[in-house]
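What follows is a set of notes on a single structure, which appears directly below.
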Amino acid sequence: MSRVAVSSSVLRWAIERTGMPEQELTRRFPKLELWEQDKEKPTLRQLEGFALATQTPLGYFFLPEPPEERLPIPHFRTVSDTSLPRPSPNLLETVQTMQRRQAWMREFLIEEGQPKFAFIGSAHAGDDPISLAIAMRRTFGIKDDWARHHHTWSKALQALRESIEQAGILVVVNGIVGNNTHRKLDPSEFRGFVLVDDYAPLVFVNGADGTAAQMFTLTHEIAHLWFGRSAAFDLRDLQPANDEIELACNRVAAEFLIAESELRACWPEARNEASPFEAVARRFKVSSLVAARRTLDLQLIRRDEFFEFYRIYLEDERRKAKKKQSGGDFYANQNTRVGRRFATAILQAAKEGRLLYHDAYNLTGLHGKSFDRYVGDLESRLA
């Protein structure tokens, strides 16, 4: 029976990297401690199982020392850490998957003759957020009061996402790694990231986050495109990290969603409502969390008022999350997990013979009949 010599430091690194409880790994691999102490070597089959369980590429176990894994983009955290935590395998794989999609889309669009987007990197940190918010709305073909035309903020979010895609930006919303429901993305690690590109800019929103926070995350990410900087971020309490571009993106996102002049005008009346933040949320078609955060930023309320609201809000969100059972329609979900603009380009290239179906499967994460059925669903929606 073939056995493999594995460095104890690599084994320890894989255990810590995955973030799983060590007791769970020990239960599944009873000889794990013996492997670490070099008293026994795992078989190749055992090592393959351990690699799968820890979400670690098998080849890493043949290295003498653990590799240094880094995100290919800056990772801004709201709470300053003495050292930035190691990115999880789920975040790393998600970013890498989006980079592969973006690289393919960039090449496809260049072949199609699409020019570069003029707005990418066109802004600076000190620019007026009101002017930038106006420029963003103009790019997406929406008016200042666009949100009021939608009955709910969730419908407004969907409409905004569609407008952004129509403007040529790839938008992906997913709460898991690909379609693997056992690998959930952790909102406390990141709420979203953006990959800047002149031809195929891409924004990713963590769908595992509360739906109420996704509107702000999406708008914050879009602002990054104007400043021309790729990044991942956690936006804890809807607050950015202490970085000039992060702070600028928050100001622009806040102005895009809730114009300061309008909020100051309506706040005296809203303040007297039983639920003032809900009143603001109904007016601007945003979540009550975004409304509360905006009133705090404009110093219309005290910090203790906001955080008392935020505590109750989080408790309510947790209750809702526990009640949520179904993950929705698998094929309808692909429009956000893959992104309609990207999926449409993949379908066109495959039909024209410019892309092998094998490559289309790998790029979308859908294979065989799943891909065919999704294509049929997509075509019916586009018809």
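One table, with the values for the structure above:
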item: Centroid-to-centroid separation of segment 178-215 and segment 1-68 [C-alpha atoms, Å]; result: 29 Å
item: D_trans [Stokes-Einstein, Kirkwood Rh over alpha-carbon pairs] for the chain, 20 °C, 1.002 mPa s, µm² s⁻¹; result: 94 µm²/s
item: Whole-number percent relative contact order across segment 115-242, with pairs defined as alpha carbons under 8 Å at least 6 apart; result: 28 percent
item: Residue-normalised accessible area of segment 115-196, expressed per residue, 1.4 Å probe, Å²; result: 49 Å²
item: Inter-label distance, nm, simple model (7 Å from Cα along the C-beta direction), R12/H358; result: 4.2 nm
item: Relative contact order of the chain, pairs being alpha-carbon contacts under 8 Å that are 6 or more residues apart, as %; result: 16 percent
item: Violating pairs (Cα-Cα greater than 31 angstrom) within the set K143/K351; K116/K143; K31/K369; K143/K369; K31/K184; K39/K184; result: K143/K351; K31/K369; K143/K369; K39/K184
item: Net charge dipole size for segment 1-160 [Lys, Arg +1 and Asp, Glu -1 on Cβ; Debye, nearest 20]; result: 400 debye
item: Gain in span if fully extended, Q348 to D128, counting 0.36 nm per residue against the direct Cα distance; result: 75.2 nm
item: Carbon plus sulfur fraction of accessible area for segment 81-226, probe 1.4 Å, in percent; result: 49 percent
item: Rel. contact order, % - alpha carbon contacts under 8 angstrom, at least six apart, segment 182-237; result: 46 percent
item: Cα-based shape type of segment 60-133, given that a ≥ b ≥ c are square roots of the gyration tensor eigenvalues and the cut on a/c is 1.5; result: oblate
item: For segment 330-378 and segment 263-288, distance of Cα centres in Å; result: 42 Å
item: Chain lengthening between E244 and D144 when straightened (0.36 nm per residue, less Cα-Cα); result: 33.4 nm
item: Only Lys, Arg (+1) and Asp, Glu (-1) charged, at Cβ; segment 120-221 dipole about Cα centre in debye; result: 360 debye
item: Selected from A259, N272, N242, residue furthest toward positive end of dipole (segment 234-276; charges at beta carbon); result: N272
item: 222 nm mean residue ellipticity, helices alone, for the chain (DSSP H n ≥ 4; -39,500 (n - 2.57); rounded to 500); result: -16500 deg cm²/dmol
item: Size of charge dipole - the chain - debye, nearest 20, with Cβ of Lys, Arg +1 and Asp, Glu -1, no other charges; result: 1020 debye
item: Rounded, prolate or oblate (a/c below 1.5 giving rounded, otherwise prolate when a/b exceeds b/c) for segment 229-330 by Cα gyration tensor; result: oblate
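The values are calculated or read from the model by the stated rules, or taken from the named source; none is laboratory data. All of these numbers come straight from a predicted model, not from anything done at the bench. All Cβ positions, glycine included, derive from the backbone under ideal geometry; neighbour counts span all protein chains shown. The protein model used for the area step is the full one, side chains on, heavy atoms only, and it has no ligands, DNA or RNA in it. Shrake-Rupley method; radii C 1.70, N 1.55, O 1.52, S 1.80 Å.
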